[in-house]
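> First the structure, which I've put down as C-alpha cells, then a few questions once you've had a look.
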C-alpha cells in the first residue's frame, strides 16, 4: 500500500461495495490471468507492462476472459497496438488516465465527448489514446521553461503543471513548498493539451531526448515500436552524440522465438516519424529493468548504457 493504487482503487471499491482483489507480488501473465478468472474480476487498473504479460499469456493459451470488461491504464502511455488487442480481440474497454502520487492520485481520464460519436473510428481511437480531460477539482496547464503559459493546440509541448485541493502542497519532512507562488505543481511531465482539453503526455522531462536543440519523445517511439509483432517490450533513451548532444537508442526485448534485426525495426518506423527522430542504434536485451509498480526504470537503463557511444557521420 505505497503507491497510487493504494490511494485510489482500494478505497473506491470499499466505498461502492465492490469486491476488491489484490494480486500481491505475482504479476506475471499466468498468475494475473488465473486470478482474474478465479475471482471473476470485471475491472482492473495497471501499467502497460503488467498487461503485456497478461495479453501474451492469453494469446499463447488461446484463452479469452470470462468476466474482464474494462481496464484503466496509467503510469505510462498505453501503446495503440495494446489498446487494439484489448478492444478487438477481447472486447475490453481501455480507459487512459493520468495522475501521480502527488495528485492523490487521479487527475485526468480519457473518455469521449458526445460530439465525438460521429467521428471515424480511427479518429475516436486517437482521442482515446490521449490521457484525457481533467476530473472535477483539478486544473492543468503547460508552460515553457520561463513559466509562460503555452497554447492548447494539441501541438505545442511544454512542462505540465497541476493545481487542485488534493494536489501535493509539500513533501514529508520538507518545509519547502512543492508548488510555485500561485499554487501550481510542476509534475515533471512534458505534454500537449488540445482545444477540447485532452492531455497527451509526450515524455517525462528527464526522459525526453534533446537532440540538436529539438525534443524527441521517447514515449512516442516506444509506442510505435511496440506495434511490431516481434517486439515484446521496448524502451528508448538518449545517449551521447558528439554532434547532436543526444540521439535515440532503442532497447528492445524480442518476443520468444522471434527473428528481428536492427534494420527491420528501423525500417518499420519509416513514414511514422520524422527522419531525424529515427533512432541511431538498437540494442537487443533479454529483459528491461522494472520497478515495483511495473514501470521501466530508465535511470537504470541509462546507467547500463552510460558508456555507449555513437559515432558522428563525416
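The values are calculated or read from the model by the stated rules, or taken from the named source; none is laboratory data. Keep in mind it's a predicted model, so treat the numbers as computed, not measured. In this analysis, Cβ positions are derived from the backbone assuming ideal geometry, glycine residues included, and neighbour counts consider all displayed protein chains.
> Only one of (1) more than 13 Å from the chain's Cα centre (by Cα); (2) not in a helix (DSSP H, G or I) is not met by residue 78, so which one is it?
It fails just one condition, (1).
> Please go through segment 40-56 and pick out each residue that is without any contact (Cβ under 8 Å) to a residue 40 or more places away in the chain and either more than 13 Å from the chain's Cα centre (by Cα) or surrounded by fewer than 17 Cβ atoms within 10 Å (Cβ to Cβ) (or both).
40, 41, 42, 43, 44, 53, 54, 55
> Among the listed residues 62, 88, 102, which satisfies the condition of being surrounded by 14 or more Cβ atoms within 10 Å (Cβ to Cβ) and either under 23 Å from residue 199 (Cα atoms) or not assigned by TED's automatic domain parsing to the domain that holds residue 225 (or both)?
102
> When you scan segment 131-144, do you find a residue that is in the same structural domain as residue 191 (by TED's automatic domain parsing), farther than 26 Å from residue 8 by Cα, in contact with a strand residue (DSSP E or B) (Cβ under 9 Å, 6 or more places away or on another chain) and exposed (fewer than 13 other Cβ atoms within 10 Å of the Cβ), even just one?
yes
> Show me the helices (runs of 4 or more DSSP H) found entirely inside segment 1-45 where at least 3 residues are at pLDDT 95 or above, over 24 Å from residue 108 (Cβ atoms) and in the same structural domain as residue 67 (by TED's automatic domain parsing).
Those helices (runs of 4 or more DSSP H) span 29-39.
> When you look at residue 203, is it free of Cβ contacts under 8 Å to residues at least 24 places away in the same chain and assigned to a strand (DSSP E or B), yes or no?
For residue 203, the condition - free of Cβ contacts under 8 Å to residues at least 24 places away in the same chain and assigned to a strand (DSSP E or B) - is met.
> Could you check segment 101-115 and list, in sequence order, the residues that are over 19 Å from residue 161 (Cβ atoms) and in contact with a strand residue (DSSP E or B) (Cβ under 9 Å, 6 or more places away or on another chain)?
Correct list: 110, 111, 113.
> I'd like the full set of residues that are in a loop (DSSP other than H, G, I, E, B) and surrounded by fewer than 16 Cβ atoms within 10 Å (Cβ to Cβ), limited to segment 233-284.
If the condition is that a residue be in a loop (DSSP other than H, G, I, E, B) and surrounded by fewer than 16 Cβ atoms within 10 Å (Cβ to Cβ), then 242, 243, 255, 256, 257, 258, 259, 261, 271, 272, 274 are the ones that fit.
> Kindly indicate whether any position in segment 142-162 is within 26 Å of residue 93 (Cα to Cα), out of contact with any helix residue (DSSP H, G or I) (no Cβ under 6 Å at 6 or more places or on another chain) and touching a residue at least 12 places away in the same chain (Cβ under 8 Å).
yes
> Among 307, 230, 292, which is surrounded by fewer than 19 Cβ atoms within 10 Å (Cβ to Cβ), at pLDDT below 95 and either farther than 20 Å from residue 27 by Cβ or in the same structural domain as residue 83 (by TED's automatic domain parsing) (or both)?
On inspection, the qualifying residue turns out to be 307.
The rows are residues; the columns are (1) free of Cβ contacts under 8 Å to residues at least 24 places away in the same chain; (2) under 16 Å from the mean Cα position of the chain (by Cα).
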site	(1), (2)
33	no, no
37	no, no
58	no, no
64	no, no
101	no, yes
111	yes, no
118	yes, no
127	no, yes
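> Filter segment 237-256 down to the residues that are under 14 Å from residue 276 (Cα atoms) and touching a helix residue (DSSP H, G or I) at 6+ places or on another chain (Cβ under 8 Å) and list them by number.
Residues satisfying the conditions are 238, 248.
> Going by the structure shown, is residue 77 modelled with pLDDT of 90 or more and touching a helix residue (DSSP H, G or I) at 6+ places or on another chain (Cβ under 9 Å)?
no
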